[in-house]
Structure formats: C-alpha cells, structure tokens
Amino acid sequence: MSRSTPTLHLVCGKAASGKSTLTDLLARNAQTVVIVEDEWLAALFGDEMKTIRDYVRCASRLRGAMQPHIIALLRAGMSVVLDFPANTVETRKWMRDLVEAGQAANRLHYLDVPDDICKARLRARNARGDHPFSVSDEEFDQLARHFVAPTEDEGFDIVRHEVQPDGPDGPVG
C-alpha cells in the first residue's frame, strides 16, 4: 500500500470568514487530523486572553509548543488541517517552515469574504455563544488592519474561496 504525500492545509481569512467551517470539511478526509487554535487557546490561556495583545502573546506560545507535534504528524504520513489564521506574512512564514520540516505538500485556503459579511457572522456567532471567544466590531477592525492577503511568491498552493450567500457561517465555495 503506497502512501500519498501528507498535506498541511492552512486557512487565511478575516474573523468569521468561514475558516472553521472549511476546516471541519477538510478534516473529513482519511488520515487527516485537525488542530484548532481557538480550542487550545481557550483551554490553556482562556483567563489570560483579554486583549488582542494577549492573543498575540498566547498564540505565539501555542505555535512554539505545537510546532514539533505538527511536524511529527506530517512526517508520520498524516495530513494536518491547521485551523490557525494564516493572516499575516509572519504567521505564514512559520507555516511554511512547518511544510518544509514536515516534508509535506500544502494548500493555503484563502477565504475572501467582505468585511460586512464577516461582521454580520460575528454578531450572530457572538449571540449564539457557541465560540470560545467573542469579537466585537471594533476588535474585528483592529484585527483586519493586520490582515495581509497571501501572494504566490510566498510558496503556497493557494486555493481561493469566495463567499456563498447560503447562511450565517458559509458554506464556502
């Protein structure tokens, strides 16, 4: 039985663009594991995360702790769906290092969703209370200022997904 090359699936998109919805779909593939940043951050640092600066600090610690595990999974032949926002060049550099160290293929899923749709989804998600973190419109705007769309020269296999008007959280297409 031959093994296919494991793939590191990455997601790039603003808050509430559909990243987690897409990662849930991608995780259904055989020999694939999903790692969700928000779940780990909530479990490990929930009480410490009050500001965006706190998020940056805690997310950096989580990336450092998860890196050897992700590389080991890829080298063992497992594909990984990384539900961490690949929203800055710096974060994508870390992810590119994972691809190379894990000797994996990659797919960077870019969810190109207008801000007004993201904000409407955020408000609905906040009202449902089913997400570990609540994000206000002001916090969305702060985060969006740091967002940098991916480019081909970063070395990723970019798959662009545009918004589909089928509901508050997706689907993505």
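The values are calculated or read from the model by the stated rules, or taken from the named source; none is laboratory data. Here the structure is a predicted model, which is why all the values come from computation and not from measurement. Every residue, glycine as well, gets a Cβ built from its backbone with ideal geometry; the counts of neighbours run over all protein chains shown.
Tally the residues that are modelled with pLDDT of 95 or more and in a loop (DSSP other than H, G, I, E, B), restricting the search to the range 1-12.
Number of matching residues: 1.
Consider only pairs whose beta carbons are under 6 Å apart and that are at least six residues apart or on different chains; among these, list those whose first residue lies in the range 111-130 and is closer than 14 Å to D141 by Cβ and whose second residue is of a type in the set (D, E).
Hits for this filter: K119/D137.
In the range 76-92, how many are assigned to a helix (DSSP H, G or I) and in contact (Cβ under 8 Å) with a residue 60 or more places away in the chain?
Pass one, the range 76-92, residues assigned to a helix (DSSP H, G or I): 89-92.
Filter again for in contact (Cβ under 8 Å) with a residue 60 or more places away in the chain, leaving 89, 92.
Result for the range 76-92: 2.
So G102 fits all but one of (1) buried (at least 18 other Cβ atoms within 10 Å of the Cβ); (2) modelled with pLDDT of 95 or more; (3) over 25 Å from L73 (Cβ atoms); (4) not hydrophobic (A, V, I, L, M, F, W, C); what number is the exception?
With (1) buried (at least 18 other Cβ atoms within 10 Å of the Cβ); (2) modelled with pLDDT of 95 or more; (3) over 25 Å from L73 (Cβ atoms); (4) not hydrophobic (A, V, I, L, M, F, W, C) applied to G102, the lone miss is (3).
When both residues are 6+ apart or on different chains and their Cβ atoms are under 6 Å apart, which pairs have a first residue that lies in the range 7-21 and is free of Cβ contacts under 8 Å to residues at least 60 places away in the same chain, and a second that is of a type in the set (K, R) and assigned to a helix (DSSP H, G or I)?
none
If a residue has to be part of a helix (DSSP H, G or I) and either of a type outside the set (D, E, K, R) or in contact (Cβ under 8 Å) with a residue 40 or more places away in the chain (or both) to count, how many in the range 22-63 make the cut? If you could, list the steps in order and put the result at the bottom.
Taking the range 22-63 first, the residues part of a helix (DSSP H, G or I) are 22-26, 37-48, 52-63.
From what is left, the residues that are either of a type outside the set (D, E, K, R) or in contact (Cβ under 8 Å) with a residue 40 or more places away in the chain (or both) are 22-23, 25-26, 37-46, 52, 55-56, 58-60, 62.
So the count comes out to 21.
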